[in-house]
Amino acid sequence: MNQYQLPSQEKKPEYVRTNFDGIAKAYDRFNDWNSFFLHRIWKDWVVREAKKAVPSAKSALDLCCGTGDITLRLWKEPNLEQIVGLDFSEKMLAFAIHKVPRDNRARLIVGDAMDLSQFPTASFDIVTMGFGLRNVSDLKKCLLEIKRVLKKGGVFVNLDVGRVRPKFLKFFADFYFFKIVPIFGYLLYGRENEMFDYLPHSSKTYPDQETLAKILEELGFQEVRFQNFVFGNAVAHVAKN
């Protein structure tokens, strides 16, 4: 684990797509185990805050939707008439298909969060993203695409890893994240898989809470705020368009 090296930015998209395909069957249980089931509460918070920010919302896009956890929560909101879950891992979506009801309100599509050209400008009232932003190769490009497809007054809610606050807990959090979390993955998958090392190591190049909030503001998002979970191990950012 100590020798793990992150892929280059050029190789990152294909690396992430291929390796997420490889761990799809164990991903839900992995998330339950490594977060002690807390990720479910955090995802509830994401959808609740999105609806609170735009009470009249009719459309939502869930980027990097994976196996469909947040997409399903959006579907459970009766006032949302159009819900799209997008991910570039076909095997992740294969699990989402069995989770998200197939009706005229929701659809799941293969796509790239950095290229949303299939959607016209100002298409969605809500855009969500759960533990996906740190996997894109160009964070600002992705955020600008999100801003483009959001309607004026729409909201972006992003859930991902954060930096632990207070600092005296950082040693313990890092030990758990970098040493224990990959072991959960190995146990669930039945053998070592470097993707379970990638997931914690990818946090090293991902902006901390304050930096990401500043980036969102610099790109033109409004009313930017964030909510820490478990001392900042995870964090949700809320930003209006």
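The values are calculated or read from the model by the stated rules, or taken from the named source; none is laboratory data. Source: prediction; values computed, not measured. Backbone-built Cβ (ideal geometry, glycine too); neighbour counts: all protein chains shown. Quick note on the areas: whole protein, heavy atoms, side chains included, nothing else; ligands and nucleic acids left out. Shrake-Rupley method; radii C 1.70, N 1.55, O 1.52, S 1.80 Å.
Tell me the chymotrypsin sites (Phe, Trp or Tyr not before Pro) within segment 1-104 that lie in a loop according to DSSP and have at most 10 other beta-carbon atoms within 10 Å.
Numbers: sites: TYR4, TYR15, PHE20, TYR27, PHE30, TRP33, PHE36, PHE37, TRP42, TRP45, TRP75, PHE88, PHE95; in loops: TYR4, PHE36, PHE37, PHE88.
Answer by residue number: PHE36, PHE37.
Nearest 5 percent is fine: what portion of the DSSP beta bridges confined to segment 86-223 is antiparallel?
Of those bridges, close to 10 percent are antiparallel.
Calculate, in nm to one decimal, what GLU14 and LYS170 gain on full extension: separation in residues at 0.36 nm each, minus their alpha carbon distance. Each step should come with its number before you reach the end.
Working: separation 156, 0.36 × 156 = 56.16 nm, distance 3.13 nm.
Contour length minus Cα-Cα distance gives 53.0 nm.
Length gain on complete extension for the stretch GLU210 to ILE180, per 0.36 nm per residue less the alpha carbon to alpha carbon distance?
Working: separation 30, 0.36 × 30 = 10.80 nm, distance 2.67 nm.
Between GLU210 and ILE180, full extension yields an extra 8.1 nm.
Hand me the trypsin sites (Lys or Arg not before Pro) from segment 76-138 located in a DSSP loop with no more than 14 other Cβ atoms within 10 Å, in residue order please.
Qualifying residues, ordered by number: LYS76, ARG102.
Which value in nm describes the separation of the simple spin-label points at ARG29 and ASP103, placed 7 Å from the Cα toward the beta carbon?
The answer from the label model is 3.1 nm.
Can you pull out the trypsin sites (Lys or Arg not before Pro) in segment 1-67 that DSSP calls coil and that have at most 12 other Cβ atoms within 10 Å? It would help to have the intermediate numbers written out before the result.
Numbers: sites: LYS11, ARG17, LYS25, ARG29, ARG40, LYS43, ARG48, LYS51, LYS52, LYS58; in loops: LYS11, LYS58.
Here the sparse-neighbourhood loop sites are LYS11.
How large is ³J(HN,Hα), in whole Hz, for each residue of segment 220-228 in order, when computed from phi with the Karplus curve 6.51 cos²θ - 1.76 cosθ + 1.60 and θ = phi - 60°, using x for Gly and Pro?
Listing the rounded values in order: x, 6, 10, 6, 6, 8, 9, 10, 7 Hz.
Between segment 175-241 and segment 38-65, how many Å separate their Cα centres?
17
Which value, in Å², gives the accessible area per residue of segment 129-241 when a 1.4 Å probe is used on the protein heavy atoms? Could the numbers behind the result be given before it?
On the way: 5080 Å² over 113 residues.
Result: 45 Å² of accessible area for each residue.
Indicate the gyration tensor shape class of segment 82-130 (rounded, prolate or oblate), computed on the Cα atoms with a ≥ b ≥ c the square roots of the eigenvalues: a/c under 1.5 is rounded; otherwise a/b larger than b/c is prolate and the rest oblate.
Values: a/c = 2.05, a/b = 1.30, b/c = 1.57.
Judged from the Cα gyration tensor, segment 82-130 comes out oblate (a/c at least 1.5, b/c at or above a/b).
With angles folded into 0 to 90 degrees, how steeply does helix 38-53 sit against the dominant principal axis of the chain? Use alpha carbons for both and round to 10.
20
Report, ordered by chain and residue number, the lysines lying within cross-link reach of LYS140, taken as a straight Cα distance under 21 Å and ignoring same-chain residues fewer than 8 apart.
Those lysines meeting the cut-off are LYS11, LYS12, LYS151, LYS152, LYS204, LYS214, LYS240.
Return the carbon/sulfur percentage of the accessible area of segment 7-91, one whole number, probe 1.4 Å, all protein chains in place. Write down the numbers at each step before the final one.
Working: 2120 of 3850 Å².
Summing carbon and sulfur atoms, their accessible area is 55 percent of the total for segment 7-91.
If you count only protein heavy atoms and use a 1.4 Å probe, how large is the accessible surface of THR128, to the nearest 10 Å²?
0
Pull up the DSSP beta bridges for the chain and report the antiparallel fraction as a percent, rounded to 5.
Numbers: 14 of 34 bridges.
Once the DSSP bridges in the chain are tallied, antiparallel ones form about 40 percent.
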